[in-house]
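To keep things clear, I will list the structure first and then write my remarks on it.
The values are calculated or read from the model by the stated rules, or taken from the named source; none is laboratory data. From a predicted model like this one, the values you see are computed outputs, not experimental measurements. Cβ atoms come from the backbone with ideal geometry, glycine included; neighbour counts cover every protein chain shown.
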Amino acid sequence: MPIDQNQTTKFWRPLAETLVGGAVLGFLTWICFQLELGIATAVPIYLIIILLLSIWGSLGPAIVLSVVAAECLLFFFTPPIFSFEVDRPKDIPGDFASHQRSCDASA
């Protein structure tokens, strides 16, 4: 039974979108971290990138990349840096809002 061309496109296109988007987010994270930008500057940049990726691609990769972007913000830009721990309990609603905003923007 031959494989339908549409069937292979359904697999490879979202995978390519996710990989390209992940590379863009990784490069963006590196740039923002090297420039020592704070979270207040990084969040709008990340949000713009997620919006552009969701417009360009499909819903699945956009949701995956929005969660990855929110975790990158948490890991690289909120104290304690290089940890997923939340140092201050008052930061939890802000972290949740960042996750929610990125997921809403991609949908």
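Across segment 79-97, the qualifying residues are those that are modelled with pLDDT of 65 or more and outside any loop (DSSP other than H, G, I, E, B), and the one among them that is nearest to Phe33 (Cα to Cα) is Gly94.
Within segment 32-50, being among the β-branched types (Val, Ile, Thr) and in contact with a helix residue (DSSP H, G or I) (Cβ under 9 Å, 6 or more places away or on another chain) holds for Ile39, Thr41, Val43, Ile45, Ile49, Ile50. Residue count for segment 42-58, restricted to those that are of a type in the set (S, T, N, Q) and surrounded by fewer than 19 Cβ atoms within 10 Å (Cβ to Cβ): 1.
Across segment 1-30, the qualifying residues are those that are of a type outside the set (A, V, I, L, M, F, W, C) and part of a loop (DSSP other than H, G, I, E, B), and the one among them that is modelled with the lowest pLDDT is Pro2.
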